[in-house]
Structure formats: C-alpha cells, structure tokens
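Asker: One structure, as structure tokens, below. Some questions next.
The values are calculated or read from the model by the stated rules, or taken from the named source; none is laboratory data. Keep in mind that this is a model prediction, so the values were computed, not measured. So basically every Cβ, Gly included, is an ideal-geometry build from the backbone, and we count neighbours across all protein chains shown. For the accessible areas, the whole protein counts, side chains as well, though only heavy atoms, and no ligand, DNA or RNA atoms are used. Shrake-Rupley method; radii C 1.70, N 1.55, O 1.52, S 1.80 Å.
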Amino acid sequence: MIRGNAVVVNAKGLHIKPAGAMSRIALKYPCTVYLEVREYQVNAKSVLGILSAQVKCGESIALVCSGEQEQEALAELLAGVENGFGMKE
C-alpha cells in the first residue's frame, strides 16, 4: 500500500468532469484506489464516491493505492490532480 498527497487545483473542486477523469484513470489499474479528504474515504474508481466527498479547490487530498500496479496508478493520479486533469475550470 502506498499513499500520496496533492492539492486540488480545479477552480470548482472535483466536480463531475475531473471526478470522471480521476475514476477513469483509477479504473485502468487492477489495484484498489481510495481518495481521502477530511473524514471521508471513498472509492476513487466511483464517480459518485468522489463527488460525495465534495472536494473543494485548494483542499489537500490523499490517494491510497494497494495491489498490483499501485505505483503506476498513484503516479498517474497525482499527476492528474496536480494539472487539474487538463481542465481549466
């Protein structure tokens, strides 16, 4: 199990588009992926799970990956969060 931290840069937080992008990345890998923010721990492979955490711009999140290809998954997810999943909003 590995963990990485990042700050959400999307102006509207993790709304539907970046949440969808995050879950698509997570679904590419066979490991389990969780998003942790405040008191929430949600499945990062679920768009509804990500949306339920109501992550705002500027919040620090943790991504926790466990299993096969966990390092690759974490690296791609952290890069996505740091560049706003390529979205300006």
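Asker: With respect to Cys31, is the statement that it is of a type in the set (A, V, I, L, M, F, W, C), touching a residue at least 40 places away in the same chain (Cβ under 8 Å) and either buried (at least 17 other Cβ atoms within 10 Å of the Cβ) or more than 14 Å from Val8 (Cα to Cα) (or both) true? So that I can check it myself, show each step before the final result.
Answerer: On the way: of a type in the set (A, V, I, L, M, F, W, C): yes; touching a residue at least 40 places away in the same chain (Cβ under 8 Å): yes; either buried (at least 17 other Cβ atoms within 10 Å of the Cβ) or more than 14 Å from Val8 (Cα to Cα) (or both): yes.
It is true that Cys31 is of a type in the set (A, V, I, L, M, F, W, C), touching a residue at least 40 places away in the same chain (Cβ under 8 Å) and either buried (at least 17 other Cβ atoms within 10 Å of the Cβ) or more than 14 Å from Val8 (Cα to Cα) (or both).
Asker: Consider Gly86 against the criteria (1) under 11 Å from the mean Cα position of the chain (by Cα); (2) at pLDDT below 95: it satisfies all of them except one. Which criterion is unmet?
Answerer: Failing condition for Gly86: (1).
Asker: Then there is this: Restricting to region 1-41, name every residue that is assigned to a helix (DSSP H, G or I) and among the polar types (S, T, N, Q). Before the answer, list the steps.
Answerer: Restricting attention to region 1-41, the residues satisfying the condition of being assigned to a helix (DSSP H, G or I) are 16-27.
Listed by number, the list holds a single entry, Ser23.
Asker: Here's another thing I want to ask about it. When region 42-68 is examined, which residues are found to be closer than 16 Å to Val8 by Cβ, assigned to a strand (DSSP E or B) and without any contact (Cβ under 8 Å) to a residue 40 or more places away in the chain?
Answerer: Within region 42-68, Val42 is the sole residue that qualifies.
Asker: Okay, moving on. If you scan region 76-89, which residues turn out to be among the aliphatic types (A, V, I, L, M) and in contact (Cβ under 8 Å) with a residue 12 or more places away in the chain? Don't jump to the end; show me each part of the working.
Answerer: Filtering region 76-89 down to residues among the aliphatic types (A, V, I, L, M) leaves 77-79, 81, 87.
Result: Leu77, Leu78, Val81, Met87.
Asker: For region 76-89, what are the residues that are open to solvent by less than 80 Å² (accessible area, probe 1.4 Å) and touching a strand residue (DSSP E or B) at 6+ places or on another chain (Cβ under 8 Å)?
Answerer: Filtering region 76-89 for residues open to solvent by less than 80 Å² (accessible area, probe 1.4 Å) gives 76-81, 84-87, 89.
Selection gives Leu77, Leu78, Val81.
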